[in-house]
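The values are calculated or read from the model by the stated rules, or taken from the named source; none is laboratory data. As the structure is a computational prediction, the values presented were derived from the model and not from experiment. Here the Cβ positions follow ideal geometry from the backbone for every residue, glycine too, while neighbour counts run over all protein chains shown. In case anyone asks, the SASA skips ligands and DNA or RNA and just uses the protein heavy atoms, side chains included. Shrake-Rupley method; radii C 1.70, N 1.55, O 1.52, S 1.80 Å.
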Amino acid sequence: MVKQLPSSILVVGSGGREHALVKALALSPAMSQIEGPAKPLLICAPGNAGIAQEIPCFPVAADDVAGLVALARREKIEFVVVGPEVPLSLGLSDRLIAAGIPVYGPKADGARLEASKIFTKQLLLKYRIPTAAAGIFTAVEPALDYLKRKTAPIVIKADGLAAGKGVIVAQTMPEAENAVRDMLSGNKFGSAGSQILIEDCLFGEETSILVVVSGRDYVILPTSQDHKRIGDGDTGPNTGGMGTYSPAEVVTPALLARIDREIVKPSVNAIADEGMDFRGTLFIGIMLTPAGPGVIEYNVRFGDPETQVVLPRVKSDVLALLWAAAQGELAGFNLEVRPDYALCVVIAARGYPDKYPKGDPVTLPPDLPAQTSIIHAGTSKDAKGRIVTNGGRVLGVTALGSTLREAADRAYEACENIQCASKYFRRDIGARQLRRSS
Ligand code: AMP
């Protein structure tokens with residue numbers, strides 16, 4: 001039996017993912033049961049302009065581990081939900097656990113699964129979990145020699161955290177050679193690039209599976225699909241994600257069962273076998289190749305913007321789910337999922353993922369279509385109290401619908417009505433699935 005739900009929760013982070021988490025946690029019956037002085041508390045650090053409209057936000061940066069532990073203590077927080085990977089890799093969960101505060105999000109050992117692509121590749125190979133063949137290099141010459149035996153396209157990955165930008169899918173050999181030199185001898189990637197992986201390119205459709213893990217127990221969340229490239233038709237540079245939809249129907253129930261058997265279960269067990277007591281989200285990036293599903297990467301936190309479509313489809317109490325995982329009591333958790341479709345369009349600042357302006361005023365429409373919500377990602381308030389852009393990805397517009405088309409129409413109607421001089425968004429989120437279903 002799961003212990004009584006916590007009545008004071010701190011969400012760490014400042015993006016769309018955290019706004020979506022805050023919205024989902026706020027829906028928990030535990031957040032509305034108590035009235036009066038003992039009213040439950042949901043807070044965020046550092047948050048953004050949208051989160052601050054809903055709950056108290058504290059100006060403690062997501063990578064300020066000591067500051068976050070102090071905040072949690074001061075506010076008598078009973079449960080911390082960590083959004084981004086950086087504080088996890090800095091040991092925030094270790095420190096909170098040492099302070100007696102339960103946390104959702106793995107300790108630093110588990111966070112290495114995202115912080116080091118080489119660590120993960122070695123684990124995948126050791127446990128024979130399907131993944132692309134790869135070589136590991138610390139020096140330019142052996143890496144270039146290895147490339148001579150390969151053909152383009154080929155994937156070059158910086159080992160460490162590079163905010164989603166340390167991966168180059170080189171279409172030609174000169175591009176691959178440049179990427180190798182850039183990472184290993186340049187300083188463009190800092191210490192993240194002191195070791196690299198050269199990985200065979202996997203071909204197919206990509207999907208991501210979000211798994212709530214607690215030791216050897218796990219719950220697979222609804223499927224979703226991301227649109228990584230900046231431009232319509234999947235063109236231009238990779239970004240943090242320009243939109244998502246759920247469910248990803250390319251992952252049929254039979255395929256999901258295969259992914260569970262060949263990838264999810266072996267991954268969760270491998271992580272436990274390696275001695276990591278992982279309690280958090282394992283986000284598995286998967287390529288659906290003709291030969292079967294293969295792992296592209298692990299992340300150790302909810303995806304952004306996957307969370308924005310996955311959590312609204314979870315009918316179960318999200319707080320109860322994350323709390324059960326943190327307490328090691330996830331076995332037997334029965335996840336209920338809504339039948340609706342969800343779609344999220346990311347509104348970015350024009351120029352992203354390269355240079356983009358900050359401080360542009362954002363005017364949100366007074367009315368939104370049914371079942372549509374605006375998730376803030378990179379927003380803040382200026383001196384006049386106006387909402388302004390403060391990041392490359394500014395907002396996420398999420399809509400639910402009884403069909404994917406309905407969800408898309410609702411989300412795009414809201415996108416059209418958002419005013420911002422630097423507004424940019426892709427017009428084709430969900431297009432592939434929409435085409436397939438029509
Ligand atoms: P990652 O940061 O590892 O998720 O890589 C970013 C993106 O690069 C992925 O979402 C894929 O689109 C692409 N990618 C990474 N590894 C491979 C691979 N082995 N084959 C093809 N594409 C890849």
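Some values worked out for this structure:
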item: Spin-label model distance (nm) - ASN417 vs ARG258, 7 Å beyond Cα toward Cβ; result: 4.3 nm
item: Surrounding net charge for ARG426, when Lys and Arg each add one and Asp and Glu each subtract one, Cβ distance under 10 Å; result: -1
item: Anisotropy class of the chain from Cα gyration tensor, a/c 1.5 cut; result: rounded
item: Neighbourhood net charge (13 Å Cβ-Cβ; Lys/Arg +1, Asp/Glu -1) for GLY100; result: +1
item: Filtered GluC sites (Glu not before Pro), region 345-431: DSSP coil and at most 11 other beta carbons within 10 Å; result: none
item: Derived scalar couplings ³J(HN,Hα) [region 62-72; Karplus, 6.51 cos²θ - 1.76 cosθ + 1.60; whole Hz; x for Gly, Pro]; result: 5, 9, 8, 4, 4, x, 6, 5, 5, 4, 4
item: Relative contact order (percent, whole number), the chain, Cα cutoff 8 Å, 6+ residue spacing; result: 16 percent
item: Total formal charge among the other residues, if their Cβ is under 11 angstrom from that of ASP159, Lys/Arg +1 and Asp/Glu -1; result: +4
item: Length-normalised contact order for region 343-438 - Cα pairs under 8 Å, 6+ apart - percent; result: 40 percent
item: Accessible area per residue, Å², region 264-381 with all protein chains present, probe 1.4 Å; result: 36 Å²
item: 5 angstrom amide H check on LYS358, placed H, neighbours 5+ away; result: none
item: Heavy atoms of GLU249 accessible to a 1.4 Å probe, total area in Å² rounded to 10; result: 80 Å²
item: Cα gyration tensor shape for region 203-302, rounded if a/c is under 1.5, else prolate or oblate; result: prolate
item: Fraction of accessible area attributable to carbon and sulfur, region 83-182 (%, probe 1.4 Å); result: 54 percent
item: Where LYS117, LYS358, LYS148 fall by accessible area, highest first, once all protein chains stay in place (1.4 Å); result: LYS148, LYS358, LYS117
item: In sequence order, calculated HN-Hα J values of region 421-437 (Karplus, 6.51, -1.76, 1.60; Hz; x Gly/Pro); result: 4, 9, 4, 9, 8, 6, 9, 10, 5, x, 4, 4, 5, 5, 4, 4, 8
item: LYS315-ARG229 FRET efficiency (beta carbon distance; Förster radius 25 Å; 0.05 resolution); result: 0.20
item: Computed over region 7-152, Kirkwood Rh from alpha-carbon pairs, angstrom; result: 17.5 Å
item: Anisotropy class of region 308-438 from Cα gyration tensor, a/c 1.5 cut; result: oblate
item: Relative contact order of region 42-117, defined on C-alpha pairs under 8 angstrom at six or more residues apart (%); result: 23 percent
item: Theoretical ellipticity at 222 nm over the chain - DSSP helices of four or more residues, -39500 (n - 2.57) apiece, nearest 500; result: -8000 deg cm²/dmol
